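No value in this document is a laboratory result; all are computed from the given coordinates. Predicted model only: the values in this text are computed from it and were never measured. Virtual Cβ from ideal backbone geometry, glycine too; neighbours counted across all protein chains shown.
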Amino acid sequence: MSDELSPKMRAYLAEVYRLSDIESEQNGYVSTSALAELLDVSAPAVNRMVNRLKELGLLEHEPYQGIRLTDAGRTAALKQLRSQRIAESFLVNVMQFDWDVVAEEAHQLGGALSETLLTRMIEMAGNPTHSPHGEPIPTSEGELPPVSDELLSDCPAGSVVEVTRMRTREADRLNYIAALGLLPGARLEVLHTAPFNGPMQLKIGSEYRIIGYNLAELIRVKKVSSV
């Protein structure tokens with residue numbers, strides 16, 4: 001099925017998966033308006049594509065909840081994400097691009113890469129298991145092991161965590177996150193969380209950081225036993 005899809009169709013499925021992953025509390029459902037905003041296209045254009053993908057059995061719709069991927073749609077989405085994440089890794093690890101500027105380039109490349117080329121690219125990139133933004137790279141069969149992490153903004157004071165991945169691809173935010181040392185793999189301690197979605201005080205090694213709640217919402221982490 002995925003071989004019959006156009007690059008644009010695969011890109012839509014990948015963005016539905018990414019949006020449902022970002023909004024994990026919605027049980028996989030996303031709104032077409034959120035999808036239109038993410039893709040920066042008109043609502044009618046999204047609705048036309050959604051109807052085509054529904055006809056192919058790749059999306060399902062539930063009134064008042066939105067759309068979500070079927071099993072076949074999820075597999076096709078993950079294959080597309082594999083291409084994009086390998087392209088991101090290649091651009092950063094081999095071509096020395098900064099991590100904050102590769103998302104759009106990888107999006108363009110991802111729809112035109114054969115599995116043979118992807119295999120060579122991931123070898124040249126050092127066989128990474130995750131993209132530069134911390135996202136796991138799916139298998140060539142479109143499979144992905146469960147990912148267990150949470151938003152940094154949800155972590156209470158006293159938590160010791162490791163940064164896993166980013167929820168944003170916006171260059172200015174990624175650049176700022178990197179400047180703070182909050183890259184994937186960084187370990188930190190949550191020292192204090194202000195009430196009512198206030199700022200958080202963090203300790204990274206011997207350094208201290210204060211970040212806003214909105215920034216903490218863009219970073220996913222997993223609990224660890226010690227810094």
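Some notes on this structure:
- Net charge of Cβ neighbours under 9 Å - reference Gly181; Lys, Arg +1; Asp, Glu -1: 0
- Of all lysines in the structure, those lying under 24 Å Cα to Cα from Lys203, and not within fewer than 8 positions of it along the same chain, are Lys222, Lys223.
- Note on the chain: with charges restricted to the Cβ of Lys and Arg (+1) and Asp and Glu (-1), its dipole about the Cα centre is near 120 debye.
- Helix 71-93 vs. the chain, principal-axis angle (Cα, 0 to 90°, nearest 10): 60 degrees
- Extension gain, Glu55 to Ser33, is 5.9 nm, computed as 0.36 nm per intervening residue step minus the present C-alpha separation.
- Potential extension, Leu183-Glu105 segment - 0.36 nm per residue separation minus Cα distance: 26.0 nm
- Cβ-defined net charge surrounding Gln96, 15 Å radius [Lys, Arg +1; Asp, Glu -1]: -4
- Calculated on alpha-carbon atoms, Rg and Dmax of segment 150-223 in Å: 10.9, 30
- A Förster radius of 25 Å, combined with the Cβ-Cβ distance separating Ala194 from Ala171, puts the computed FRET efficiency at roughly 0.35.
- Debye-sum result for segment 127-182 in log10 I(q)/I(0), which assumes one identical scatterer on each alpha carbon, at q = 0.12, 0.22, 0.23, 0.27 Å⁻¹: -0.37, -1.03, -1.08, -1.22
- Among (i) 42, 38, 37; (ii) 68, 40, 25; (iii) 53, 45, 29, the entry that matches Cα extents along the principal axes in Å as calculated here: (iii)
- To the nearest ten degrees, helix 115-124 and the longest principal axis of the Cα atoms of the chain are 20 degrees apart.
- With a Förster radius of 45 Å applied to the beta-carbon distance between Ile204 and Glu4, the computed FRET efficiency rounds to 0.40.
- For segment 4-51, the gyration tensor built on C-alpha atoms gives an oblate shape. Its axis ratio a/c (a ≥ b ≥ c) is at least 1.5, and a/b is not larger than b/c.
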